[in-house]
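Note sheet for the following structure.
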Amino acid sequence: MGIDFYYTPGSAPCRTVLMVAKAVGVDLNLKQIDLMKGEHLTPEYIKINPQHTVPCITDKDLTLTESRAIATYLASQYGKDDSLYPKDPKKKAIVDQRLFFDMGTLYQRFGDVYYPMIFEGAPHNAEKAKRLDDAYTQLDNFLSKSTWAAGDHLTVADLSLVASVTTAEVCGYDLSKYPNVAKWLAKCKSSLPSYAETNEDGVLKFKALFESRKK
């Protein structure tokens, strides 16, 4: 029984789920999916998840994809309180905004720059890199106004964003240009529960993939 978690260790969205699960004290039945071997396209996996994506969880009669939806579900369903994902509509709205910003702007623009380099052997695209810089400028502005990404305490927004930011960091993206981001990131690394296990191990796997593809 319990929650089955289909994931790929290097994936930033998968690491988000690992961090949230640890933060709320939920044990996951880890089921690794090797994308390079096409394990996400097997009939068995497509039956579970027709989107054939990772991450994916099954919790009894619920099957859920999309890391940020999984993160908010785990926090709402299993959190000991609502600190990670507030019930107050205004506080919740800020957390949601940061999650959507991460998905549609920060991580999206990271992928626009780096995924063609990793998976297609494409050269660095200066125009797309400027858009990524703009996203980090926006994140730095958010973090100039609060200790954490969405207020004065840790939320699921931080756990999603730190997965994205550390992925850019290991690809050599210069975070020192964004002092608020750099300060927040150091705090995340030193204070998040089981950070090495839930994020650092996976991000080093992504770094190895990036380095191997650059050669």
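Surface composition of segment 36-122: carbon and sulfur make up 56 percent of the accessible area, probe 1.4 Å. Setting aside same-chain residues fewer than 8 positions from K31, which lysines have a Cα under 28 Å from its Cα? Partners within reach: K22, K47, K60, K80, K189, K205, K207.
One Cα centroid belongs to segment 167-191, the other to segment 32-47; the line between them spans 33 Å. Its DSSP H runs of at least 4 residues, each contributing -39,500 (n - 2.57), put the calculated 222 nm mean residue ellipticity of the chain at -17000 deg cm²/dmol, to the nearest 500.
Under the convention that each Lys and Arg Cβ holds +1 and each Asp and Glu Cβ holds -1, the size of the dipole of segment 80-153 around its Cα centre is about 200 debye. Taking the DSSP bridge list for the chain and keeping only pairs wholly inside it, about 65 percent are antiparallel.
Packing, as the average of other Cβ atoms within 10 Å across residues, places the peptides 162-169, 98-105, 121-128, 136-143 in the order 162-169, 98-105, 136-143, 121-128, highest first.
Computed over protein heavy atoms with a 1.4 Å probe, the accessible surface of segment 3-78 works out to 47 Å² per residue. What a 1.4 Å probe finds exposed on segment 151-215 is 52% carbon and sulfur by accessible area, rounded to a whole percent. Under a model in which nothing but the beta-carbon of Lys, Arg (+1) and Asp, Glu (-1) is charged, the chain shows a dipole of about 360 debye around its Cα centre.
The values are calculated or read from the model by the stated rules, or taken from the named source; none is laboratory data. Not measured: the values here are computed from a predicted model. Glycine gets a Cβ as well: all are built from the backbone with ideal geometry, and neighbour counts include every protein chain shown. When the accessible area is computed, the model is the full protein with side chains, heavy atoms only, and any ligands, DNA or RNA have been set aside. Shrake-Rupley method; radii C 1.70, N 1.55, O 1.52, S 1.80 Å.
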